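Below is one structure, written out as structure tokens, with a few remarks after it.
The values are calculated or read from the model by the stated rules, or taken from the named source; none is laboratory data. Since this is a predicted model, take the numbers as computed values, not measurements. Cβ placement follows ideal geometry from the backbone for every residue including glycine, while neighbour counts extend to all protein chains displayed.
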Amino acid sequence: MAMGSPVRQIAVFLSNRVGALLSIVKMLHANHILVLGVSVQDSVDVTVVRLIVSDPESVEDLFMEKGIAYCVSELVVVELENGAESLAYVLQSLLNAETNIHFVYPILTRPRDRPALAMCVEDIDFAVSALGKEGYKVLYQEDLSR
């Protein structure tokens, strides 16, 4: 049973040019939206920027208003209670549960003064359940947005 709303990631395609990422971050900042997590996958023609933000609904409205193409997906965000030492144990828990991880990246903020890891997984509910059974704290959008 969920304890909040799943963390929503907003992915945007940017042209591969100098300052493209900065312009998006500045636009969000000007609208009082914090970037809480970011992953950049670069290629010759285009860059995929994955963002976890403090207010995903406002970002969707802003991107629609500005004509910026984006897509939204839900992620599992897990707190790493023992910092970097927890990484292998979290990954092992998901391997034991036989759930696939598509990609991961760290969260820039430290909810409850602990690092956290954002993961795109094959089955969110199953991963949340597996991590919960192992005693890990799963974070929700409300935990990050405050």
Query - Residue within region 88-96 that is at pLDDT 95 or above and among the small types (Gly, Ala, Ser) present - result: no
**Report entry** Inter-residue pairs, beta-carbon under 8 Å, first assigned by TED's automatic domain parsing to the domain that holds residue 118 and on the phi < 0 side of the Ramachandran plot and in region 76-90, second in a loop (DSSP other than H, G, I, E, B) and aliphatic (A, V, I, L, M), 6+ apart
**Finding:** 86/80; 87/80; 90/80
Query raised in the report: Checking residue 136 against (1) part of a loop (DSSP other than H, G, I, E, B); (2) in contact (Cβ under 8 Å) with a residue 40 or more places away in the chain; (3) closer than 24 Å to residue 19 by Cβ, which single condition isn't satisfied?
Result: (3)
**Report entry** Matching residues, region 97-145, being within 16 Å of residue 37 (Cα to Cα) and hydroxyl-bearing (Ser, Thr, Tyr)
**Finding:** 105, 109, 140, 145
**Report entry** Leading residue by the ranking (surrounded by the most Cβ atoms within 10 Å (Cβ to Cβ)) among those in region 66-91 that are of a type outside the set (D, E, K, R) and closer than 14 Å to residue 9 by Cβ
**Finding:** 76
